[in-house]
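Some notes on the structure that comes next.
FYI, it's all coordinate maths here, none of it is from the lab. Only a predicted model underlies this, so the values are computations on that prediction, with no experimental measurement involved. We place every Cβ from the backbone using ideal geometry, glycine too, and count neighbours over all the protein chains shown.
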Amino acid sequence: MFLEEIAPTRATRVLDVGFSEEEYSSNDNFIEKHYPHPEMLTALGIDTPVKFKRRYPEVATVQYDGSVFPFSDQAFDVLWSNAVIEHVGDRSKQLFFLKEIKRVSKKAFITTPNRFFPVEVHTCTPLLHYLPESIFDRYVTLIGKRWATSEYIRLLSHSELEALLADADIAEYRIIKNMLVRLPLDFVVLF
């Protein structure tokens, strides 16, 4: 979908926001695994890129503290961020994240899970993420997935995503719903 929607060329400068030092699934570092011009990728993340650099030696890496992106305005043609916005913190941090994306790139391709999909995708838990955060947090702690508490994951609904985009002064965008069993599993945001 990224290649179809963005149509990058050999000269397109792409920023991947949110690379992973550890790869727990085939979706981790997805663009690095599949992009035809890895020498045009820059991967930004909070991890120290040791294993990452061994796996993807052609990709430039930048480690940062998770706040301001260390790049000048419009430094990249396209920004890719696969399932990261739900991990940056509360709504104000998500808004700041979107504003930084808009500042450093001319186009963006962002994905995020749908809050209202019946299975919470990080833990594969059905329905319990609809309950108050304190109950879900207790549940994931009990099953040994403390990393999946509301401190680390703030899922977005379609309407919350639209409100964030509006508050970030992103007026021209498109949200694509990736469907699974006739329900939106996640969203792809293009702007």
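Using alpha carbon coordinates only, what is the Rg to Rh ratio of region 83-137, with Rh defined as the Kirkwood radius?
Rounded to two decimals, Rg over Rh is 1.06.
Chymotrypsin sites (Phe, Trp or Tyr not before Pro) within region 138-177: which are DSSP loop residues with at most 16 other Cβ atoms inside 10 Å?
Filter output for region 138-177: TYR152, TYR173.
Does anyone have the angle between helix 91-104 and the longest principal axis of the chain? Alpha-carbon axes, 0 to 90°, nearest 10?
Approximately 10 degrees, to the nearest ten.
List the relative contact order of region 119-163 as a percent without decimals, with contacts defined as Cα pairs under 8 Å and 6+ residues apart.
Rounded, it is 26 percent for region 119-163.
Taking other Cβ within 10 Å of each residue's Cβ, how do GLU23, GLU32, GLU39 sort, fewest first?
The most exposed by this proxy come first: GLU39, GLU23, GLU32.
At a 10 Å Cβ-Cβ cut-off, how would you order THR141, THR112, fewest neighbours first?
Fewest to most other Cβ atoms nearby, the residues stand as THR141, THR112.
What ranking do 104-110, 181-187 get when scored by the average of other Cβ atoms within 10 Å per residue, highest first?
Order by mean packing, descending: 104-110, 181-187.
With both partners inside the chain, how many of the DSSP beta bridges are antiparallel, as a percent to the nearest 5?
45 percent
Can you tell me the dipole magnitude for the chain around its Cα centre, using point charges on the Cβ only (Lys, Arg +1; Asp, Glu -1), in Debye to the nearest 20?
180 debye
Given Cα positions, please report Rg to Rh for the chain, the hydrodynamic radius being the Kirkwood one.
Expressed as Rg/Rh, it is 0.95.
Most exposed first by the Cβ proxy, i.e. fewest other Cβ within 10 Å, how do LEU44, LEU190 rank?
In increasing order of surrounding Cβ atoms, one gets LEU190, LEU44.
Please identify, among PRO70, PRO132, PRO49, the residue showing maximal mean-square fluctuation in a Gaussian network model of the chain using a 10 angstrom Cα cutoff.
Comparing PRO70, PRO132, PRO49 in the GNM, the peak value goes to PRO132.
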